[in-house]
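Contents: one structure, followed by commentary.
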Amino acid sequence: MTRLFNDPSNFPEEARLGLVAANRDKLMAVPGGVVRSTRSEPGTVAVVIGGGSGHYPTFAGLVGQGLAHGAVMGNLFCSPSSQQVYSVAKAAHNGGGVLLSFGNYAGDVLHFGEARERLIAEGIPCEIVLVTDDVASAPLEEIDKRRGIAGDLTVFKAAAAAAENGLSLEAVVVVAKEANRCTRSFGVAFEGCTLPGADDSLFHVPEGRMAIGLGIHGEPGISEADIPTADELADMLVNRLLQEVPEGIEISGARVAVVLNGLGTVKYEELFVIYRKVDELLQSAGIHIVEPDVGELVTSLDMAGVSLTFFWLDQQMEPLWTAAADAPGYRKGSVKPAEALDPAEVEVVVQDAIPEASESSRKLARGVIESLEVLANTVNRNCDLLGQIDAVAGDGDHGIGMQRGSKAALEGANEAFNKGAGAQTVLQWAGQHWSDKAGGTSGAIWRVILKSMGESLGNDRLLSGQRLAAGVINARDQVMAFGKAELGDKTLVDVLAPFADALSREVEKGGELVTCWEVAALTASKAADETAKLLPRVGRARPLAEKSLGTRDAGAVSLALIIQALIPVLKKCEPS
């Protein structure tokens, strides 16, 4: 259990600031994460890594000479927002372009991808390499759907060493992709982790059993088995990874970097007992082990679990793996001390200015804030329900994430309104604050929803049924284009799309706005219930799709509840 915290919602930020305070010779805090506090060679590639907090030393603990130049830090187990990725990348940029690397999770793909487009638009070359090492999360023929777990370390290490050697962005990308191709991981868990302030773990494993094929965000394993002896576990992990040796590698005589990783509560002595057998098995197979790492390297708060990673080496990869590195959470060899960087030299991204707004839009902005208050209250009332639904096949944090995001959205909206913003800007600020605080896929999607609605309402217009319906249609189109989800994928889109269509049809008939919304809200509620019949085709629930059959999608349910709760607010409006 995570016992030591203040306000649970501030836990990731306070941990970040504490980490920087303890490592000022290596780290500097910037909005959204950390960067090196030492000077890098001008013109070299900046390797920026990131993901949710709760995995120390990944990600922020891997920033330093010979390793990453910056790490973006999202909320606990949630991807950082695109604004945070952009902010860290700008601060870390050395003039040679930026490589963004992270585990293959839907929210991270969305946020990092959007940040990449923004950087490129500003003339900063930027590429992405996903880590897809987890053999349990998808079959080999669908390797692009696999998630990233402890293999993050090997890919980041190789890419960063290549960048340190002065390779071009294109060459660093080639190295990172090859490192990912040659990395495989497999793990088990004995108990789930507990988020700060939570009463219980994200999932439980029956006494005397272990979950096979764990995720590092609280996702349950794909199957269960009795807990074996340490030697039997080592044998199972090694045999599974030897079943999938990358193409072009002969086992006998091969050279491999081995990472035996504890996820939080499996401690070093236990790991050493397991590694003893791993070493014996690999030597018996004629495999040469190169600089193995045994310890807590990619954790999940207090999860009781262990994973094994093989990084198959060749003449190009081995020097990159053995190259010196000096980061707070990972040291290897000896680096030449770098010059300290003056904080004034680091580019810090600031909040956009507030554009002018008409008095009518300011009045509408008050209604927007009232709607956001209702939204946040609705989420608070249903937080536990949403978490329970999400825990069936996901990581169980949808309710908490929506709670964090909606609270932040309301704070952002009030801040913008108090600075004179109109409806569009209030919604944009609300969406950005939601995304920054909550992260994850839902954070990205709700930012798009609020931004899209704002684009239709504008900063100088009155409310009308046609404009509101157009905003919902705009939100649907942008969410589907941004998130790539389609009808039937068992996501929020399965409610948003039919709701948008229904509202547009009713408004075209010329009915009162409230009546139109009420009819469309019924459609949304029915659509949310219908998601129980679907199997997830995207997102973290996909590997455990069968478990979710008969359970509604959490994102669809939360949207339907919010739509229904907004009816009283609309009754106070006077659209023209």
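Distances between every pair of Cα atoms in segment 359-572, grouped in 10 Å steps from 0 to the bin holding the largest one, split as 10, 36, 38, 14, 2, 0 percent. If only the Cβ of Lys and Arg carry +1 and only the Cβ of Asp and Glu carry -1, the dipole of segment 359-572 around its Cα centre is close to 200 debye.
Think of each Lys and Arg Cβ as +1 and each Asp and Glu Cβ as -1; about the Cα centre, that makes the dipole of segment 324-398 roughly 160 debye.
The alpha carbon centroids of segment 171-203 and segment 412-433 are separated by 36 Å.
Checking the Cα-Cα distances for K267/K490; K26/K484; K267/K407; K407/K533; K419/K526; K526/K571 against a 28 Å cut-off, the pairs over it are K267/K490; K26/K484; K267/K407; K407/K533; K419/K526.
When the helices of the chain are scored as -39500 (n - 2.57) per DSSP H run of n ≥ 4 and the total is divided over every residue, the value at 222 nm lands at -14500 deg cm²/dmol. The residue among Q564, L372, P498 whose Cα reaches farthest toward the positive pole of the charge dipole of segment 359-572, with charges on the beta-carbon of Lys, Arg, Asp and Glu, is L372. Based on the alpha-carbon gyration tensor of segment 8-334 and its eigenvalue square roots a ≥ b ≥ c, which shape applies: rounded if a/c is under 1.5, prolate if not and a/b is larger than b/c, or oblate? Cα axes put segment 8-334 in the oblate bin.
In the chain, a dipole from Cβ-located charges (positive for Lys and Arg, negative for Asp and Glu) runs towards its positive end, and of V47, T309, G264 it is V47 whose Cα lies farthest in that direction. Put the Cα centre of segment 443-518 next to the Cα centre of segment 213-244 and the gap is 44 Å.
By its C-alpha gyration tensor, with a ≥ b ≥ c as the square roots of the eigenvalues, how is segment 399-483 shaped: rounded for a/c under 1.5, else prolate for a/b larger than b/c, else oblate? Since a/c reaches 1.5 but b/c is at least a/b, the shape of segment 399-483 is classed as oblate. The chain gives an Rg/Rh value of 0.99, both radii derived from C-alpha positions and Rh following Kirkwood. This model, with +1 at the C-beta of Lys and Arg and -1 at the C-beta of Asp and Glu, gives segment 8-334 a dipole about its Cα centre of some 1020 debye.
Given G248, V174, I222, which one lies farthest toward the positive end of the charge dipole of segment 8-334, if we put +1 on the Cβ of every Lys and Arg and -1 on the Cβ of every Asp and Glu? Sorting the options by dipole projection puts first V174. Shape of segment 20-98 from the C-alpha gyration tensor: oblate (a/c of 1.5 or more and a/b not above b/c, with a ≥ b ≥ c the square roots of its eigenvalues).
Our coupling estimate for segment 197-212, obtained by passing each phi through the Karplus curve with A = 6.51, B = -1.76, C = 1.60 and θ = phi - 60°, is x, 7, 7, 8, 5, 5, 7, 10, 10, x, 3, x, 10, 9, 8, 9 Hz, Gly and Pro reported as x.
Shown for D314, D152: other C-beta atoms within 10 Å of each C-beta, ranked fewest to most, produce the order D314, D152.
Computed from the coordinates by the stated procedures, all read-outs in this text should not be read as laboratory data. What you see is a predicted model; the values in this text were computed from it and never measured. With ideal geometry, Cβ positions are generated from the backbone for all residues, glycine too; neighbour counts draw on all protein chains shown.
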